[in-house]
1. Would you mind stating whether Leu231 is closer than 28 Å to Asn13 by Cβ, under 17 Å from the mean Cα position of the chain (by Cα) and either part of a helix (DSSP H, G or I) or at pLDDT 95 or above (or both)?
2. Tally time: how many residues in segment 1-29 are assigned to a loop (DSSP other than H, G, I, E, B) and within 22 Å of the chain's Cα centre (by Cα)?
3. Count, please, the residues in segment 94-134 that happen to be farther than 21 Å from Ile22 by Cβ, modelled with pLDDT of 90 or more and part of a loop (DSSP other than H, G, I, E, B).
4. Going residue by residue through segment 290-302, is there one that turns out to be more than 25 Å from the chain's Cα centre (by Cα), within 12 Å of Leu238 (Cβ to Cβ), assigned to a helix (DSSP H, G or I) and of a type outside the set (Asp, Glu)?
5. Among the residues of segment 162-194, count how many are in contact with a Pro (Cβ under 8 Å, 6 or more places away or on another chain) and of a type in the set (D, E, K, R).
6. Report, ordered by the first and then the second residue, all pairs with beta carbons closer than 9 Å, sequence separation of six or more or different chains, a first member in segment 7-19 that is closer than 19 Å to Glu36 by Cβ, and a second member that is open to solvent by 40 Å² or more (accessible area, probe 1.4 Å) and basic (Lys, Arg).
7. Here is a list of conditions, (1) open to solvent by less than 20 Å² (accessible area, probe 1.4 Å); (2) touching a strand residue (DSSP E or B) at 6+ places or on another chain (Cβ under 6 Å); (3) in a helix (DSSP H, G or I); (4) not aromatic (Phe, Trp, Tyr), and Gln74 meets all of them except one; can you say which number that is?
8. Kindly list the number of the only condition in (1) open to solvent by 20 Å² or more (accessible area, probe 1.4 Å); (2) closer than 20 Å to Arg115 by Cα that fails for Ile203.
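The values are calculated or read from the model by the stated rules, or taken from the named source; none is laboratory data. Given the structure is predicted, the values throughout are model-derived calculations rather than measurements. Every residue, glycine among them, receives a Cβ derived from its backbone with ideal geometry; neighbour counts consider all protein chains shown. Surface areas here come from the heavy atoms of the whole protein model, side chains and all, with no ligands, DNA or RNA. Shrake-Rupley method; radii C 1.70, N 1.55, O 1.52, S 1.80 Å.
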Amino acid sequence: MERLFSIIIPCYNMEEYVGRAIGSVIDQTVDPSIYEVIAVNDASTDGTLECLNEWAGKYPDTVKVISYEENLRQGGARNLAIKQASGEYICYLDADDWLEDNALETYMVGMGDLRRDIITAKCSEDSEYPGNTGNQGKSIRIEKEFTFEDEREFVGYDLGYVCTSVYRRDMIIENNVWFPEHLAYEDIYWQRLIKFYAGSACILDGITLHHYNHPMSTLNRKNASHHTDRLTCYEKLLDEYSKRGLLKAFYPQILCDAMETYYFNSYFMFFTKLDDIPDVYSRIRLTMYKYFPDWEKRYDDGQLPDYFKYFLKLLKKAKSAKPADLQPFKDALFEILGQQQ
């Protein structure tokens, strides 16, 4: 049966949290017949699968469980679920987060008669479970609408978490936009690529997602080897841009994002989340000059803080740099962060 929404929840060893996530979908303010939950057990080794099966047994018309023995990480789990989804719109939910109780109703405000391709809302960052408080007594409205007279405005817009938007399923499938598998930071790839295929979009002023911010999450985990996956995912993205002709068509916009996300933000992550700086400088520099050979002439650094301007000079001058060579930049960053506290 076709639904309006398919809510996809990847689950790996999430028995402690996934009940809260699924429960937040079951408690939505809309008729349950318009949505389905597709919970994917990504080779969990704890009691996650048993928990999911309990929910499916209790709500067989709403909750569907997919389970397999090879861990594909979130990207692979989402890909499998998209292919089995029946909803007109895909909604992603991480197993340790939860939806505002009127999240789907909020997204429906953004659909209108146009059936927009992407509808984005707000997120609440939570370190504990306070319940649903984001939209109480609030009338949801469209904050910004993209008419695509100039597509470059939307391409450069930061949509935030991949889980704060809904995406028209046909747009994903028709344009063959899939998540990287077996990698963390898969959202870096997918969220950027899908924007190029949206013919209409809007931003809502209501909260739909409560993001549970805890120290063992993918982004926060200290000294985890998966932090360098962000480089792999962005390199895959640049390769895909090139193959699809997007790099040539949107060169200035992609260059700015690559400099910010691939170079500056990656090192910010490495400096703050890893005790030992990874030996990846030469890799990053070669990638930048491969896809942006004239970036020194094309990149506008006028709005950069001084710290990043110095970091940019390194990229121009040093063909190679060892982790020890980058330690002064790490020390300077921590001094800046300390002054801001």
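1. Criteria met by Leu231.
2. Number satisfying all stated conditions: 4.
3. Number of matching residues: 2.
4. yes
5. Number satisfying all stated conditions: 1.
6. Every condition considered, the pairs that remain are Pro10/Arg73.
7. Unmet condition: (1).
8. That leaves (1) as the condition not met.
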